[in-house]
1. Which number in (1) within 18 Å of residue 5 (Cβ to Cβ); (2) touching a Phe, Trp or Tyr at 6+ places or on another chain (Cβ under 9 Å) marks the one condition that residue 117 misses?
2. Which of the residues spanning region 18-44 are among the aliphatic types (A, V, I, L, M) and surrounded by fewer than 15 Cβ atoms within 10 Å (Cβ to Cβ)?
3. Do we have any residue at all in region 119-130 that's at pLDDT 95 or above and more than 16 Å from the chain's Cα centre (by Cα)?
4. Take region 99-116 and flag every residue that is buried (at least 17 other Cβ atoms within 10 Å of the Cβ) and either in contact with a Pro (Cβ under 6 Å, 6 or more places away or on another chain) or not small (Gly, Ala, Ser) (or both).
5. Look through region 38-49, keep the residues that are hydrophobic (A, V, I, L, M, F, W, C) and modelled with pLDDT of 95 or more, and return whichever of them is nearest to the chain's Cα centre (by Cα).
6. Condition first: part of a strand (DSSP E or B), of a type in the set (A, V, I, L, M) and either touching a helix residue (DSSP H, G or I) at 6+ places or on another chain (Cβ under 6 Å) or crowded, with 16+ Cβ neighbours inside 10 Å (or both). Can you find one or more residues in region 4-17 that meet it?
7. Can you work out which of the residues in region 92-113 that are over 14 Å from the mean Cα position of the chain (by Cα) and among the hydroxyl-bearing types (Ser, Thr, Tyr) is farthest from residue 132 (Cα to Cα)?
8. Name, by its number, the condition in (1) of a type in the set (A, V, I, L, M); (2) modelled with pLDDT under 95; (3) touching a helix residue (DSSP H, G or I) at 6+ places or on another chain (Cβ under 7 Å) that does not hold for residue 34.
Amino acid sequence: MVTDASVHKKGVFSFSDAIKSVKAKADFCNAGAIATFVGVVRCDNAKGEAVQKLELEAYEEKANEVLAEICSDLKKTPGIVDVQIHHLLGEFSVGEDLVYVVVAGSHRAEVFSVLEEAVERYKKEAPIFKKEHVVTAKGKEKAYWLTESENES
């Protein structure tokens with residue numbers, strides 16, 4: 001079952017699914033704007049290392065709970081019709097999608113700040129873990145789990 005806020009195994013949920021989910025809501029008729037954020041894998045990190053791939057895992061039950069709470073909180077914002085966060089899990093190559101955040105609201109001015117808050121909150125609050133596989137500037141291959149502060153970049 002797909003909810004408005006959840007983690008999904010890679011390949012099970014798409015950007016198109018996220019948009020369809022928002023538009024399928026009974027009160028979508030009140031929306032005049034949809035703002036989206038799609039997080040993707042970059043080819044390098046803040047240390048200047050070449051990213052080969054990312055692995056994403058989550059404490060799924062808690063992640064779903066936290067994502068749902070964020071969306072519920074933000075839906076209370078005046079003018080906001082819907083907020084959804086869908087984070088993907090698995091192994092990802094450079095350029096692949098990692099997360100979809102979708103905000104629908106009455107007017108465009110209302111959706112952008114809520115979109116930004118949703119992104120900042122899921123990055124800080126959801127127990128989703130990222131392992132980078134990189135090649136260092138010296139050509140050495142290594143892999144390591146990122147801390148919260150490293151995830152900020």
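The values are calculated or read from the model by the stated rules, or taken from the named source; none is laboratory data. Everything quoted here is computed from the prediction, not taken from an experiment. Counting neighbours? That spans all protein chains shown, and the Cβs are built from the backbone with ideal geometry, glycine included.
1. With respect to (1) within 18 Å of residue 5 (Cβ to Cβ); (2) touching a Phe, Trp or Tyr at 6+ places or on another chain (Cβ under 9 Å), residue 117 is out only on (2).
2. If the condition is that a residue be among the aliphatic types (A, V, I, L, M) and surrounded by fewer than 15 Cβ atoms within 10 Å (Cβ to Cβ), then 24, 26, 38, 40 are the ones that fit.
3. no
4. Passing the criteria: 99, 100, 101, 102, 103, 110, 111, 114, 115.
5. 38
6. yes
7. 106
8. All conditions are met except number (2).
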